[in-house]
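First comes the structure, then the notes that go with it.
The values are calculated or read from the model by the stated rules, or taken from the named source; none is laboratory data. For clarity, every value in this text was computed on a predicted model and none was experimentally measured. Cβ sites come from the backbone with ideal geometry, for glycine too, and all protein chains shown count toward neighbours.
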């Protein structure tokens, strides 16, 4: 009996995690190819504005995530986790594959750009339900004492999905050559999604809703108005607002700074080559990914907020020094004549990026369990998804556009570092609020 229960749990964990890996790959593949989309869809603009236009297109999917999280949250709370999970998969897989079929600007001009915008919106809509479905399926199957460790696997898969996209792009560029990759090879990365989605669908269709949620549904205790209940109940609304301010706002900007802005900074701001920038960020993110699970596990033993606040504090303190170091090391890569010296500086860049990503995992690893602990099951999908996607879709997802706009369009001497003021300010706010309220009973609740 015990062995059968454990095997079912791990089937849920593996299936949910694999699905999340695929959807993170799909959503953020565009972000790893911003320069390619600038070249193919905005060639009529100057280089800087072409690049920023592609970033705006990346941001469109981020912006719609909170809106879709409400609808898909309602669906997940009133109909079921599994059903919502399957919808997000089909929407995401279909829109991602369709991007690979798009005509470019030279072939269809504004029509091509419009189609790209629409497909990015559909991707954002799909992802608004993915996170809630995956973490809830795991959390509501898992024992309470392992909730942090098991839900943090989803966060590890976010890193793996992103790096899988980067690895795919680097491999294609290496074998096809830069010109062919920029011209047509990038489409292969999007077509790969068809195979991944098919595998995930075949696994997901065998999933069942968690037993506790199934009991709610058959006894008529599920909410038919989870959006209304989530925001009308004053206590629940305060929880949503509080968790958005701390830790989610800080977590969101840190994640997109470490995993996206760092790549754009190396490649577009300080001028390191595309392949070198991709390889270094890829390596650092992948090395740091398992620490999500470590800190999720530690949060089961020592509490969520102490670990999260430690990570927020450390990440805030090292934010500016990290990018000072990256500028210095990149300059030395360019100036060094000896291959051994260049390799030394490249390894130091990887170590610097790893340190940044390591502290981000302290914040991100325990976050899912913290959110799930705070909200009752009948409205949990909506109450978890909305603040998460506001923080990671809008507050965090806007980091690349805001930061790079400041970096690339400002003539000030400190323009290299202007982009860091936004994530720094959000982190300071998030840490300060967290320090003031982390002893609140709100953060000590643990709903089943």
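Some notes on this structure:
- Any chance residue 52 is buried (at least 19 other Cβ atoms within 10 Å of the Cβ) and over 18 Å from residue 112 (Cα atoms): no
- Residue 397 satisfies every condition listed in (1) farther than 26 Å from residue 328 by Cα; (2) more than 14 Å from the chain's Cα centre (by Cα); (3) outside any helix (DSSP H, G or I) except (2).
- Test result for residue 212, in contact with a helix residue (DSSP H, G or I) (Cβ under 7 Å, 6 or more places away or on another chain) and either under 15 Å from residue 36 (Cα atoms) or surrounded by 21 or more Cβ atoms within 10 Å (Cβ to Cβ) (or both): no
- Restricting the first member to the range 107-134 and to residues that are on the phi < 0 side of the Ramachandran plot and free of Cβ contacts under 8 Å to residues at least 60 places away in the same chain, and the second to residues that are surrounded by 14 or more Cβ atoms within 10 Å (Cβ to Cβ) and not in a helix (DSSP H, G or I), the beta-carbon pairs closer than 7 Å and six or more apart or on different chains are 115/102.
- Residue 87 fulfils the conditions (1) at pLDDT below 95; (2) in a helix (DSSP H, G or I); (3) out of contact with any helix residue (DSSP H, G or I) (no Cβ under 6 Å at 6 or more places or on another chain); (4) surrounded by fewer than 17 Cβ atoms within 10 Å (Cβ to Cβ) except for a single criterion, (4).
- Within the set 46, 8, the sole residue that is more than 30 Å from residue 380 (Cβ to Cβ) and modelled with pLDDT under 90 turns out to be 46.
- Restricting the range 207-232 to residues that are under 25 Å from the mean Cα position of the chain (by Cα) and not in a helix (DSSP H, G or I), the residue that is farthest from residue 144 (Cα to Cα): 207
- Every residue from the range 416-432 that is free of Cβ contacts under 8 Å to residues at least 24 places away in the same chain and in contact with a helix residue (DSSP H, G or I) (Cβ under 6 Å, 6 or more places away or on another chain): 418
- The single condition among (1) without any contact (Cβ under 8 Å) to a residue 60 or more places away in the chain; (2) loosely packed, with under 15 Cβ neighbours inside 10 Å; (3) more than 30 Å from residue 440 (Cβ to Cβ) that residue 331 does not meet is (1).
- The condition of being touching a helix residue (DSSP H, G or I) at 6+ places or on another chain (Cβ under 6 Å), on the phi < 0 side of the Ramachandran plot and modelled with pLDDT of 95 or more does not hold for residue 355.
- Residue selected from the range 358-380 under the condition under 21 Å from the mean Cα position of the chain (by Cα) and in a loop (DSSP other than H, G, I, E, B), by the criterion surrounded by the most Cβ atoms within 10 Å (Cβ to Cβ): 366
- The one condition from (1) crowded, with 22+ Cβ neighbours inside 10 Å; (2) farther than 28 Å from residue 36 by Cα; (3) within 18 Å of the chain's Cα centre (by Cα) that residue 155 does not meet is (2).
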